[in-house]
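Structure, as structure tokens:
Laboratory data are not the source of any read-out in this text; all were calculated from the coordinates shown. The model shown is predicted, which means the values in this text are computed figures rather than measured ones. Quick reminder, even Gly has a Cβ in these numbers, built from the backbone with ideal geometry, and neighbours come from all protein chains shown.
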Amino acid sequence: MDISSSNSSEKATDEDGEVLERFALIRAGILGLVFVLATCSNLFFLDTLWKKRKRNTRTQLFLLHLCLADLVVAFFQVLPQFSIEITHRFRGTDLLCRSVKYLQVVGMFASAYMIVTLTIDRYHAVCKPMVSFLKSSYRRHLSIGAAWLVSLVFSSPQLFIFSLQEVEENQYDCWATFIEPWGSRIYISWITLSVFVLPAVILLFCQIRICTTIYFNMKRKALQAGRAGTKGVSKAMLKTVKMTFIIIMVYTLCWSPFFVVQLWSAWSPNSAPSKGPMFAIIMLLASLNSCTNPWIYLYYS
């Protein structure tokens, strides 16, 4: 998925058309596999959550919505890109073009900010347990609703930037239109800051506070009891904190190359990689995050 253009496919020349065609089929095969894995694993995890619904743990609600966000990524990022790799052009109406591009970014925002809400909830549970206990249900629903609202509102520029355009004679594609030369730079920079940089700063702050609080609680309990102990922090809470940390790490590893390339392409298009195996791998790596999250949840459940 490319937030600044319609797709990563290039029109093949007579000289290298066969190579590009073969490479496009390989990309399509990988995208198809990613879609199947992401869909099946997230649906399997939803089924697991449904079977455990009577336990009603505070983390389950966040994981449910994070799972839904990953399904949005699978159906509106991976699947459309898979079809584009097969057909080489977007096949659909102008309304469908705008809707797909809008939901692509909704998935990115929702996935990022659901991880943020989960981490903030863990931060309150560990660092401010009394406040968390008194306002836990209200805060959970409010933060999840705010994450979806931010995702839906902040993605709205996609509806106006993308449209079905004639790129060649009688050839139409879903393409972006920016005010040149600074429009695409500002927009991609804003997307990177709001989807990746800001959440990363919040996640880093919360994780540092969580780790330091657990460390000092354990140290204080050990001094009071004269032996090592973790009475201040339960095993279940420690497990959830570990799960949150792994989710953050995987998200960062999958998405940081994508945003680096997007910024590079916007600010220095002549030197940025725009095609080839490495570029395709970077684009596909971002989608893998939707496959890995459910297995992280299941492992720590």
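Figures for the structure shown
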read-out	value
9 Å beta-carbon shell around GLN158, net charge (K/R +1, D/E -1)	+2
Using a Förster distance of 35 Å, the FRET efficiency for GLN171-TRP295 (Cβ separation, nearest 0.05)	0.30
Rounded if a/c under 1.5, otherwise prolate or oblate - region 17-300, Cα gyration tensor axes	prolate
For region 75-163, radius of gyration divided by Kirkwood radius, i.e. Rg to Rh on alpha-carbons	1.18
Peptides 147-160, 101-114 ordered by average Cβ neighbours within 10 Å, highest first	101-114, 147-160
